[in-house]
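I have placed the structure first, in the form of structure tokens, so that the comments after it can refer back to it.
The values are calculated or read from the model by the stated rules, or taken from the named source; none is laboratory data. A quick note: this is a predicted structure, and the numbers were derived from the prediction, not measured. Cβ coordinates were reconstructed from backbone atoms using ideal geometry, including for glycine residues, and neighbour counts include every protein chain displayed. Each accessible area value is taken on the protein alone, full model and side chains, heavy atoms only, with ligands, DNA and RNA left out. Shrake-Rupley method; radii C 1.70, N 1.55, O 1.52, S 1.80 Å.
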Amino acid sequence: NKPNEQEKKEVKALQEEASSKKEVKSYEEELKERMDPIEAKLNKTIESGENMLEASFELSEKWKEEYEKIYNLVLSKISDSEKPKFEAEEQEWFKNEEEKIKKELLSTDGMEEGARDYEMLFASGKADLAKKRAMELAKKYDELNK
């Protein structure tokens, strides 16, 4: 009952296929790997107390860029009839979440729009929003690619 050459080739092909599938990372994993070092570096700057505002804005901008990439990827995967609904949902989601951040900051004693601390915390909140939504869309994109 020794396997013949053809069976050996088929088994080897299946093993290679399984191996190659393991190496393929999801977009969500790639996004996390790409952003973790950037986030760590900027958070270290923020925690140091030097250039906090600038680092908060930069982190927010980096996550916004990643969000826009994955947004466009998801948009390219959905049907034309789904696109207007998806676009509207995204705009509404960000609008509602930013309003929550503003309300929370303004309810904090001594916080007012335009103040340095307010602007830094608002930028940090926006970075968190963009990160959260980018990761959600990365999952959605991975699902659409299954």
When a/c reaches 1.5 or more, the comparison of a/b and b/c decides; with that in mind, is the stretch 24-141 rounded, prolate or oblate per its Cα gyration tensor?
oblate
For Ser76, solvent-accessible area (1.4 Å; no DNA, RNA or ligand), Å²:
80 Å²
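Rounded to the nearest 20 debye, what is the charge dipole size of the stretch 10-146 about its Cα centre when +1 sits on each Lys and Arg Cβ and -1 on each Asp and Glu Cβ?
Dipole magnitude for the stretch 10-146 comes out near 400 debye.
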Helix axis angle, 27-48 relative to the chain longest principal axis, alpha carbon, degrees:
30 degrees
Protein chains only, probe 1.4 Å: how do Thr108, Thr45 rank by accessible area, largest first?
Thr108, Thr45
Projected onto the charge dipole of the chain (+1 at Lys/Arg Cβ, -1 at Asp/Glu Cβ, origin at the Cα centre), which of Phe57, Leu129, Leu73 gives the Cα projection farthest towards the positive end?
Leu73
Going from most exposed to least, what order do Asp128, Asp80 have by accessible area with a 1.4 Å probe?
Asp80, Asp128
Rounded to two decimals, the Rg over Rh value of the stretch 85-146 from Cα coordinates and the Kirkwood Rh reads 1.12
How many Å² of accessible area per residue for the chain, probe 1.4 Å?
71 Å²
List Lys103, Lys25, Lys139, Lys146, ordered by accessible area with a 1.4 Å probe, largest first
Lys146, Lys103, Lys139, Lys25
